[in-house]
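Values quoted throughout were computed directly from the atomic coordinates according to the rules given, and no laboratory measurement underlies them. Keep in mind that what you see is a predicted model, and the values were worked out from it rather than measured. No Cβ is skipped: glycine too gets one built from the backbone with ideal geometry, and neighbour counts run over all protein chains shown.
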Amino acid sequence: MARNEEVSSLNIIGGGTSIIGNIVSQGDVRVDGALEGNLTSQSKIVIGPTGKIAGEVKCRDCEVSGAVKGKLKVENLLMLKSTATVEGEIRTLKLAIEPDATFTGTCSMSTSEPAYEGSYVDGQ
């Protein structure tokens, strides 16, 4: 009965929701609320205009319209939308920054280290 199927899910932290702790997901994640902790996904993370994260974000692709204070480790493409505010460290392969986005910190662009290697529960 058990089959290996690709996980295709969307996890949403809605506006008005605050979470303290770490989140690990194999599917896409959208944050419109607040997270104090680390967020790891094998897929895409979207931080909406009302989304706020204080911690480390690790994923394949990321789109930021809200606020991030900490580290962003993105394996492929990081997009900072015009409403984005990022303070901290960025590591990514590709970076797109729209006019009016704010970024304060350091940025390293390289393919040398996968963003989410060894970060999953149950050895996945």
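Miscellaneous remarks
- The relative contact order of the stretch 10-103 comes to 18 percent, based on Cα pairs under 8 Å that sit 6 or more residues apart.
- Highest-first arrangement of 55-68, 85-98, 27-40, 9-22, where packing means the average Cβ count within 10 Å: 55-68, 27-40, 85-98, 9-22
- Within the stretch 10-103, the ratio Rg/Rh, alpha carbon atoms throughout and Rh by Kirkwood, equals 0.92.
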